[in-house]
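Everything on this sheet refers to the single structure shown next.
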Amino acid sequence: MAQRKLFELCGTDPDRRFSPYCWRIRMALAHKGLDTETIPWRFTQGEAIAFANSKTVPVLIDGDQTVADSWAIAEYLDRAYPDRPALFPGHPASLRFTASWADRVLNAGLAKLIVSDIPGLLGDGEKKYFVESREKRFGMTLEQVTADREAKLPEFRASLQPLRAVLQQQPYVAGDSPDYADYIMFGGFMWARVVSPLQILEESDPLHGWMERMLDLFGGLARGVPARAAA
């Protein structure tokens with residue numbers, strides 16, 4: 001049995017893990033080659049992770065160590081396992097901008113396109129919590145947030161040009177092989193893939209080719225989680 005346990009967000013289907021931040025760590029652990037038991041966690045199960053002094057996942061238990069927050073977990077993994085492939089190039093500070101851009105541009109933009117798809121994956125208790133909290137955050141209904149989303153796609157795709165420009169020059173954000181920079185970006189796209197039938201990327205987009213490479217990493221780890229098909 002693996003000594004590591006990772007709490008990850010899911011809905012009614014325990015195999016459909018969809019948090020972008022949990023995906024960052026799922027890929028980071030695979031990058032390190034660390035066997036980990038993954039534990040499904042839902043929005044209303046706060047007591048299950050209270051021991052970590054956290055209200056959100058991911059939460060990692062590694063032996064007698066408990067670490068919450070995706071960034072803190074990634075830093076911990078490089079400190080705890082320096083003999084395994086590094087997640088950060090040189091120092092974690094080198095990826096602070098990458099994480100900030102992913103949170104404020106990529107994930108924020110995706111939320112406005114896909115947030116109304118998420119309640120359909122949740123049980124009644126989780127759905128009520130999610131809808132109320134997100135509608136309070138956005139100041140409107142989730143359907144209003146994503147209204148006319150197909151018409152908004154070109155603007156969102158254009159916002160990805162900084163990332164696209166990099167991937168037109170090299171196969172991964174990090175260069176010839178992936179590191180935590182790629183997993184930061186991938187988490188958002190994987191979130192969208194799992195929860196929404198909306199086609200975020202055109203097949204001709206260099207980002208689409210990168211996404212396919214990411215899905216194939218580690219024996220198709222991420223590809224094994226089904227994409228959400230159109231109804």
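Every read-out reported here was derived from the displayed coordinates using simple, explicitly stated rules and does not represent laboratory data. The structure presented is a predicted model; accordingly, all values stated were derived computationally and were not measured. Cβ atoms come from the backbone with ideal geometry, glycine included; neighbour counts cover every protein chain shown.
Each Cα pair under 8 Å and six or more residues apart adds its sequence gap; the mean of these over the residue count of region 94-231 is a relative contact order of 27 percent. Evaluated with a Cβ-only charge set (Lys, Arg +1; Asp, Glu -1), the chain carries a dipole of roughly 340 debye about its Cα centre, given to the nearest 20. As a proxy for reagent exposure, ranking HIS31, HIS91, HIS208 by other Cβ atoms within 10 Å from fewest up yields HIS91, HIS208, HIS31. Label positions at TYR76 and ASP64, each projected 7 Å from the Cα along the C-beta direction, are separated by 1.5 nm. Using the alpha-carbon centroid of each, what span in Å lies between region 167-231 and region 25-56? Going from one Cα centre to the other spans 21 Å.
Given in Å, the Rg to one decimal and the Dmax to the nearest whole number for the Cα atoms of region 4-80 are 11.4, 35. Taking a straight Cα-Cα cut-off under 22 Å and skipping sequence neighbours fewer than 8 places away in the same chain, the lysines within cross-link reach of LYS127 are LYS55, LYS112, LYS136. Per the Kirkwood formula applied to alpha carbons, the chain shows a radius of gyration over Rh ratio, Rg over Rh, of 0.95. Using the average count of surrounding beta-carbon atoms within 10 Å as a protection proxy, the listed peptides 210-217, 6-13 rank, highest first, as 6-13, 210-217. In the chain, helices alone account for a calculated mean residue ellipticity at 222 nm of -13500 deg cm²/dmol, with every DSSP H run of four or more residues adding -39,500 (n - 2.57). Of the residues GLN144, LEU6, PHE97, the one whose Cα sits farthest toward the positive end of the charge dipole of the chain, with +1 on the Cβ of Lys and Arg and -1 on the Cβ of Asp and Glu, is GLN144. Here the label points at VAL105 and SER204, each 7 Å from Cα along the C-beta direction, are separated by 2.3 nm in the simple model.
Here TYR129, TYR183, TYR172 are placed in order of increasing Cβ neighbour count within 10 Å, fewest first, which gives TYR129, TYR172, TYR183.
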